[in-house]
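The values are calculated or read from the model by the stated rules, or taken from the named source; none is laboratory data. Computed from a predicted model, the values in this text were never measured in an experiment. Don't worry about glycine lacking a Cβ; one is built from the backbone with ideal geometry, like all the others, and counts go over all protein chains shown.
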Amino acid sequence: MTSRAGEPFDLERAAAEAAGLLTAPVPADGPTTAEGDPVTGEWTATRGEGFLLVPLWEGDPLTGVYAPAWNDAEEAAEARAADLARELDRRWGPHTTVRLHGPLRRWQGDRTLVEPLFQALFGADLYGDLAVWGPVGAAGPGGSGDRWFAVTVGHSDGDAPFVLAALVSDRPIPEPADDDGPF
């Protein structure tokens, strides 16, 4: 569960938060740490060397939900991510797709073989490919304070809600190698 549980999806809010994240503080170094709401413990952010990962929206729990309603929930989550990607494409230019199947396969075998950015994504149950923009500055593409930005969707198991999350990085988010070797 995330701190966004129960909030309806709002495209304008999500796009505004995306723009705000371009100026959010990102740790230059240090360990990766997940943060939770002090009262509920629900996930609010993960920070690591050069990146910040935050939830933008969380769907309803899928406890007792089966196909076709489960498939509908998955399609709705993917549609929200696609809507946000289209809006960010309009603002920042076209995104690229970073596929995560290579690092996910390595992470499932030996988590130490995956760089911290991808460990943070998988640790938050975000296994979907990344839609990536960058460099993007607070004033638009190539502006000052260049950052790379990404969105993805994931969920931890069949009963967990889908989560739409944003990633901001102070360095490029490259397509990882599609092999079984270390990064």
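Structural remarks
- Annotation for region 39-50: no member residue is part of a strand (DSSP E or B) and in contact with a Lys or Arg (Cβ under 8 Å, 6 or more places away or on another chain).
- Number of residues in region 23-36 that are over 17 Å from GLN119 (Cα atoms), surrounded by 13 or more Cβ atoms within 10 Å (Cβ to Cβ) and free of Cβ contacts under 8 Å to residues at least 40 places away in the same chain: the value is 1.
- Residues located in region 100-117, provided they are surrounded by 17 or more Cβ atoms within 10 Å (Cβ to Cβ) and not in a helix (DSSP H, G or I): LEU100, VAL114
- Check on GLY48, of a type outside the set (Lys, Arg), touching a strand residue (DSSP E or B) at 6+ places or on another chain (Cβ under 8 Å) and within 14 Å of LEU167 (Cα to Cα): yes
- Only one entry in ASP89, ASP159 is outside any strand (DSSP E or B), among the charged types (D, E, K, R) and at pLDDT 95 or above, namely ASP89.
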